[in-house]
Amino acid sequence: MIKELTCIVCPKGCALRVELENQQVLSVTGNACPRGKQYAIDECTHPTRTLTTTARTADGGVVSVKTDRAIPKELMFDCMAQINRTVVSLPVRVGDVILENILGTGANVIATMNL
Amino acid sequence: MKEIELVIVGGGPAGMSAAVAAYESGISDLLIIERDARLGGILQQCIHNGFGLHRFGEELTGPEYAWKYEKLVREKQIPFLPNTMVLDITPDKVVTATNATDGVFQIKAKAIILAMGCRERSRGALNIAGTRPAGIYTAGTAQKYVNLKGYMPGKEVVILGSGDIGLIMARRMTLEGAKVHAVCELMPYSGGLARNIEQCLHDFDIPLRLSHTVVEIHGKERLTGVTIAKVDKNRRPIPETREYIPCDTLLLSVGLIPENELSKTASVTLDRVTGGAVVDQDRQTSVEGIFACGNVLHVHDLVDYVSEEAEIAGKNAAAYIRGEAIERTEINLRTDGKIRYTVPQRITQKKDVTVYFRVADVYRNVTVKILDGERVVYQKKKPRVAPGEMESITLNADQLADAKELLFALEVK
Ligand code: SF4
């Protein structure tokens, strides 16, 4: 089976063609760099995304946050729910850990803004 | 009147990086004037990642990218005035500004760097028939509400325009629990990056309706729905394809315009295509000592390129202040229409020059050619070029030779 993907690792957005057999990646073409191949393999076996969103702050505002590594794609909305239940105390600095190891993904949710 | 060697108008990515570059080139008498309460400009609300791969080799969010530069500004103790609005700039470089503590005041500068950025086109809404209810926002305004204020502008959303901000907001609204029914794009292709179509639309099964536009707005107080329709080759809506979508929110992502009101007061010559100043390779405008960089000059796809351009402006503003004598030449860069514009538009010095350009349409199997009359200065084949992707070519002094004018052309098979 041939699967067509767009590499999202960098803004170049290479069009990838992945040859698959029984969930196994046989070959990847169209990638302008090795990261594209890795992306294609991950995307076909266990797709992941970095989640960027905001969390409430104690003063009723919001602070921008992200997962410090990519999390399984299917957990995005569960992670959103957990982040939206969190209230961040102020002040907060870029890189401060807001939630550790969110949903056991190994990713920490960290602040991306100083407030 | 207060005198300052270098005044930078705007404390976004362009202003900060120009200031740092000028400082590193020996200018310590400088000032950044910023209209907002903090530095960072539009990056503050661009909380998604994808910034900085070129510059820093890592993927950063907008606020993190801004912070990298703000840290440098703070470390070098480069002065900046927040909450201050520049009202006027004269050709002899007098800056009039105002804020709540100092009132209206003037500064005489030796050089000025324009870094005011761009604003969103709102025209997309003006030519749509129907009522004028609440619930219609530019994508950037919605982005500010959601990401900086923590308010959701609505729950059932249609987006007009598939520029990157529109795509990013489709994902953002979806993550926060809204339903994005469609992203309509007038053109047969999206103006956004392929990766954003993938990770913002496909990931969430949001339909991208190419060659579609919003033809009617419904609702009295609040938006209740929009009618969309397919457009023909001439971008005219086809009546039989009209389709009603109930929604409470319409976001417009229909383009960005460089914000050049101040450049006009300074009598800076503007380029009709870019909407920004006409500049030379140093990013100096038609007014000596006034430089421009970032989105005020032309709309960039990547902030990394904004920083790069701002460094050029900062370094050369410093050289101008030091009064370095340079041998001048004059080469005008022209385009054939398929290539819409170049930045810079003129070359005034024979040195390595990187020229950025954008094309007018999606073309396949093309040859980019630079011609000095009959002489082919440069040519390169490309499998595909698109308006959404800025291209660049670096020319060296030898290639420039004795050219008076260079034509940037696209040969389409
Ligand atoms: S394959 Fe490499 S160059 Fe192409 S989009 Fe992916 S990361 Fe970028």
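The values are calculated or read from the model by the stated rules, or taken from the named source; none is laboratory data. Quantities reported herein were computed from a predicted structural model and do not represent experimental measurements. Positions of Cβ are backbone-derived with ideal geometry, glycine not excepted, and every protein chain shown enters the neighbour counts. For the accessible areas, the whole protein counts, side chains as well, though only heavy atoms, and no ligand, DNA or RNA atoms are used. Shrake-Rupley method; radii C 1.70, N 1.55, O 1.52, S 1.80 Å.
Near the amide H of A:R49, within less than 5 Å, lie the amide hydrogens of A:I71, A:K73, all on another chain or at least 5 residues away, with H placed in the peptide plane. Picking from B:N396, B:V385, B:P344, whose Cα lies most toward the positive end of the charge dipole for the stretch B:333-412 (charges on Cβ: Lys, Arg +1; Asp, Glu -1)? Looking along the dipole axis, the top candidate is B:V385. If R0 is 25 Å, the Cβ-Cβ spacing of B:M85 and B:Y151 corresponds to a FRET efficiency of close to 0.50.
The shape of the stretch B:122-254 comes out oblate: with a ≥ b ≥ c from the C-alpha gyration tensor, a/c is at least 1.5 while a/b does not beat b/c. Extension gain for B:K404 to B:D352 (0.36 nm times residue separation, less C-alpha to C-alpha distance): 17.1 nm.
Here, chain B has an Rg and a Dmax of 22.3, 66 Å when only alpha carbons are counted. In plain terms, the chain from A:R35 to A:K73 could stretch by 11.8 nm, reckoned as 0.36 nm per residue minus the Cα-Cα distance. Sites listed here are trypsin sites (Lys or Arg not before Pro) in the stretch A:17-115 whose DSSP assignment is loop and whose Cβ has at most 16 other Cβ atoms within 10 Å: A:R69, A:R85, A:R93. Can you tell me, using C-alpha contacts under 8 Å and at least 6 residues apart, the relative contact order of chain A as a whole percent? With pairs under 8 Å counted, the relative contact order is 18 percent.
For B:I113, the residues 5 or more places off, or on other chains, whose built amide H falls under 5 Å of its own are B:V7, B:I8, B:V9, B:F291. Coupling constants for the stretch B:187-196 follow from the phi torsions by the Karplus curve (6.51 cos²θ - 1.76 cosθ + 1.60, θ = phi - 60°), and in residue order they are 7, x, 9, 8, x, x, 6, 4, 5, 6 Hz; glycine and proline get x.
In a DSSP loop and with at most 10 other Cβ atoms within 10 Å, the GluC sites (Glu not before Pro) in the stretch B:184-227 are B:E221. With the charge dipole of the stretch B:122-254 set up from +1 on Lys and Arg Cβ and -1 on Asp and Glu Cβ about the Cα centre, the Cα lying farthest toward the positive end among the listed residues B:P133, B:P239, B:I168 is that of B:P133.
Secondary-structure-derived ellipticity at 222 nm for the protein assembly as shown, considering helices only, amounts to -5500 deg cm²/dmol, per-run term -39500 (n - 2.57) for DSSP H runs with n ≥ 4. Given R₀ = 41 Å, FRET efficiency for B:S392-B:K264 by Cβ-Cβ distance, to 0.05? Between B:S392 and B:K264 the formula returns 0.90. What pairs in B:K2/B:K71; B:K155/B:K179; B:K71/B:K149 have C-alpha atoms more than 18 Å from each other? Over 18 Å apart, Cα to Cα: B:K2/B:K71; B:K71/B:K149. The stretch A:1-70 and the stretch B:187-241 have Cα centres lying 25 Å from one another. By how many degrees, 0 to 90 and rounded to 10, does the Cα axis of helix B:13-24 deviate from the longest principal axis of chain B? With both axes taken from Cα atoms, the answer is about 20 degrees. Between B:E374 and B:A129, what is the label-to-label distance in nm when each label sits 7 Å out along the Cα-to-Cβ direction? Going from the B:E374 label point to the B:A129 one covers 5.8 nm. I need the shape label for the stretch B:287-397. Rule: rounded when a/c is under 1.5, else prolate if a/b > b/c, else oblate, with a, b, c from the alpha carbon gyration tensor. It is oblate, given that a/c is not under 1.5 and a/b is not larger than b/c.
Residues in the stretch B:150-155 carry Karplus couplings, in order, of x, 9, 9, x, x, 10 Hz; the curve used is 6.51 cos²θ - 1.76 cosθ + 1.60 with θ = phi - 60°, and Gly or Pro positions show x.
Taking Cα atoms, how many degrees apart are the long axis of helix B:303-322 and the longest axis of chain B, rounded to 10 and kept between 0 and 90? Value to nearest ten degrees: 20.
Of B:M169, B:M187, the residue with the largest accessible area leads and the full order is B:M187, B:M169 (1.4 Å probe).
Which shape class, rounded, prolate or oblate, goes with the stretch B:38-163 when its Cα gyration tensor gives a ≥ b ≥ c as root eigenvalues, a/c under 1.5 marks rounded, and past that a/b bigger than b/c marks prolate? Oblate shape, in that a/c is at least 1.5 and b/c is the bigger or equal ratio.
Using only Cα atoms and rounding to the nearest 10 degrees, what angle (0 to 90) does helix B:164-175 make with the longest principal axis of chain B? Tilt relative to chain B: about 50 degrees.
Beta-bridge orientation, the protein assembly as shown: approximately 65 percent antiparallel, per DSSP, counting only bridges with both partners inside.
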